[in-house]
Every structure is written in structure tokens, then in C-alpha cells.
């Protein structure tokens, strides 16, 4: 074997080893969640009127910080409709259930017969691509006597390379916030056309910004909660923005355009 061939062979093996190591690193960085399923039922309550709390969430065995972030976000979403606070007043599923049951007992005094308070806290994988993990967090809270329950949704975008949650500001190119707002406004106008909104609807439900974004492979989904840009009957509207529209506004990393 010539010296030159040996050097080329060693170089090729090193390069291959480097590629394999990089691939192994990417595979190792993939975040794999576990299901969290628990149900709490109020005790000492009249038949058919016992409140319930159902949790179908996720935890990350290799990242306690992400697990805590997810749990605290869900609790914040839920307690925002139960005690009027934007901050979680409880620090565990059990504590939330007990606080909810105390409020359910009070609500039962004024609620109709055979009506029971309910709270559902859910987390599920919405998308996973390009080393991004998007988790959909959903909260639904209903107190006996209310006309309807209140849903909330929040996307939790995890950059698997960084091992943490990234915000909208971090995904946008610096100084391009206003450009993103304009793109979002165009998506809103398209949505109005799709639902055939009349002038009264447009006047009563004007455009507003939402920071609740989910970066997908072909574009971004932006979700609104009830009453933000539409009445309750239309649920939680979604606006869709193609990646092409976001070029020069969003960092290529969050458009799936680079592997750096």
C-alpha cells in the first residue's frame, strides 16, 4: 500500500467517523417524551355532580427542566380561568385538583342540577422535524352553571439542538418583528375570505397579533384562542403562513432550511 493511499484511506475513515459521530449526536439529541395520565375525582359530593380533573400530559425523562416548564405552563393556562390569575397558584397536578374542587363546591350552589365542573389538561406532540419538537398544550375548564367551558391552547417550541424552549423573538431575525406582523395580517385577511366574513364581522372582530406559533415543515401555524379574533362558535382559529412568505423574516433554522 502506498503512503499516499494510506493517508487518503485514513482521511476517508476519519471523515466517515465524523459523519457517523455527527449523526449519532443528532439522534441522541432527539427528545423523547413519556405520557403522564392521571385523573382526580371529587369526593363527598352529590351523585352526578362530582367535579373531575383529567390530566393527559407529557414529561421528558432526560430533561427535568422541560418537564417542569410544560407542567407550569399547563397549570398557568388552567388557573388563569379558575382564579383569575395569570400565575399558577398550585405547583402540582394534585394541588390544582384540590383547588379546583374547592371552587367546584362553591359553583355547585348556583349551578343547575346534574351539572358538574370539569377541567382537562392535555399535552401532545404536534410536530417533530429538523431537530424541532412542537408540543401542543390544551386546557379546558368548565364550572357548573357556566354557559360553556373555556379552552386555551399554547404551542411549546423546543429546539432539540439547544435542549430548551425557544420564543417567537428568538425565531425571528432581529429587527423583523414588524415584517412578521404584516405577514400575519395578510394571513388574517386570507382567513376572512375563507370564512366569507361580512363587514359586520370584520368590524366586530378586528385583526390582533398572536405569539402562539408552531413552525412546521411547510410553514407556520398561528393559533388564536376563542374571542380573540372570532366569536366562541368559531372555536380557536388558525392562520397559516407558507415558508416562502417568511423568508428574510424568520431565521433559516426555524424554516427547516439549514442543518448548521
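We did not get these values from a lab; they are worked out from the coordinates using the rules stated. These numbers come from a predicted model, not from an experiment. As a convention, Cβ positions derive from the backbone with ideal geometry for all residues, glycine included, and neighbour counts pool all protein chains shown.
The Cα atoms of region 124-260 give a gyration tensor whose axes a ≥ b ≥ c have a/c of 1.5 or more with a/b no greater than b/c, which makes the shape oblate. Computed on region 167-260, with alpha-carbon pairs under 8 angstrom and 6+ residues apart, the relative contact order is 33 percent.
Give, to the nearest whole percent, the P(r) tail of region 30-166 beyond 19 angstrom, counting all Cα pairs. That fraction is 50 percent. When peptides 210-221, 178-189 are sorted by average Cβ neighbour count within 10 Å, with the highest value leading, the order is 210-221, 178-189.
Normalised by the number of residues in region 30-166, the mean separation of alpha-carbon contacts (under 8 Å, six or more apart) gives a relative contact order of 22 percent. Taking each residue as 0.36 nm, the span from residue 181 to residue 232 lengthens on full extension beyond its C-alpha to C-alpha distance by 16.0 nm. With an 8 Å cut-off on Cα pairs and a minimum separation of 6 or more residues, tell me the relative contact order of region 107-177 in percent. This gives 26 percent for region 107-177. The distance between label points at residue 190 and residue 208 comes to 2.3 nm (points 7 Å beyond Cα on the Cα→Cβ vector). The slack between residue 92 and residue 59, meaning 0.36 nm per residue of separation minus the straight C-alpha distance, is 10.6 nm.
The packing ranking, built from the mean of other Cβ atoms within 10 Å per residue, places the peptides 94-100, 199-205 in the order 94-100, 199-205, highest first.
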